[in-house]
Amino acid sequence: MAIISCPQCQKSISDKHKACPHCNAAFGEMDAETKTRLAARTKTQKQQSLMNQSFIALILFLGGFLVLYWQHPVPGSWQQTACYGAIAIGVVWYLVNRVRLVFLKRKKL
Ligand SMILES: [Zn+2]
């Protein structure tokens, strides 16, 4: 028994399964070419979703930063806390997405 990754959802499953227990993709009857194509498509979709998320994270970061820069919220006010929060979440989220993208790119099909 070997652990393989599902060609559709990329989750780890046993190669004894005829269909993925996570997403119900029936790959038992698929040939190698179909599996590769499906995996490539899923990878592209995942990559796209990660890119979108990094974009949102970047906007969150920039939004917090610009409000802080232009509005000069009163120190200690909730506006300032919200700005710092948006910046912190934006940076962390962005970095997490970049790291996930790098790992996704390294992962072979
Ligand atoms: Zn699956």
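Hey, fewest Cβ within 10 Å first, where do 105, 46 land in order?
Sorted ascending by nearby Cβ count, the order is 105, 46.
Given the alpha-carbon gyration tensor of the stretch 17-67, what are the semi-axes of its equivalent ellipsoid in whole angstrom, ordered largest first, with each equal to the square root of 5 times an eigenvalue?
38, 12, 4
Based on Cα coordinates alone, diagonalise the gyration tensor for the chain, multiply each eigenvalue by 5, take square roots, and list the semi-axes in whole Å, largest first.
After diagonalising the Cα gyration tensor, the semi-axes are 43, 13, 10 Å.
Got a sec? How would 103, 65 order by Cβ neighbour count within 10 Å, fewest to most?
103, 65
Given +1 on the Cβ of Lys and Arg, -1 on the Cβ of Asp and Glu, and no further charges, what dipole in debye does the chain carry about its Cα centre, rounded to the nearest 20?
Value, rounded to 20: 360 debye.
From the phi angles alone, apply the Karplus equation (6.51, -1.76, 1.60; θ = phi - 60°) to the stretch 75-82 and give each ³J(HN,Hα) in whole Hz, x where the residue is Gly or Pro.
x, x, 6, 5, 5, 5, 4, 4
Name the cysteines of the chain that stand alone by the Cβ rule: no other cysteine Cβ under 4.7 angstrom.
For the chain, the answer is 83, because their Cβ atoms have no other cysteine Cβ under 4.7 Å.
Among the listed pairs 16/107; 11/107; 18/43; 46/105, give every one whose C-alpha distance is greater than 18 Å.
Numbers: 16/107 22 Å; 11/107 13 Å; 18/43 21 Å; 46/105 10 Å.
Those over the limit are 16/107; 18/43.
Per q in 0.27, 0.28 Å⁻¹, report the Debye log10 I(q)/I(0) for the stretch 43-106, using one uniform scatterer on each alpha carbon and no solvent.
Per q value, in the given order, log10 I(q)/I(0) is -1.00, -1.04.
No lab work stands behind these numbers, since they all come straight from the coordinates. Values in this document were obtained by computation on a predicted structure and should not be read as measured data. Reconstructed Cβ throughout: ideal geometry from the backbone, glycine too, with neighbour counts over all protein chains shown.
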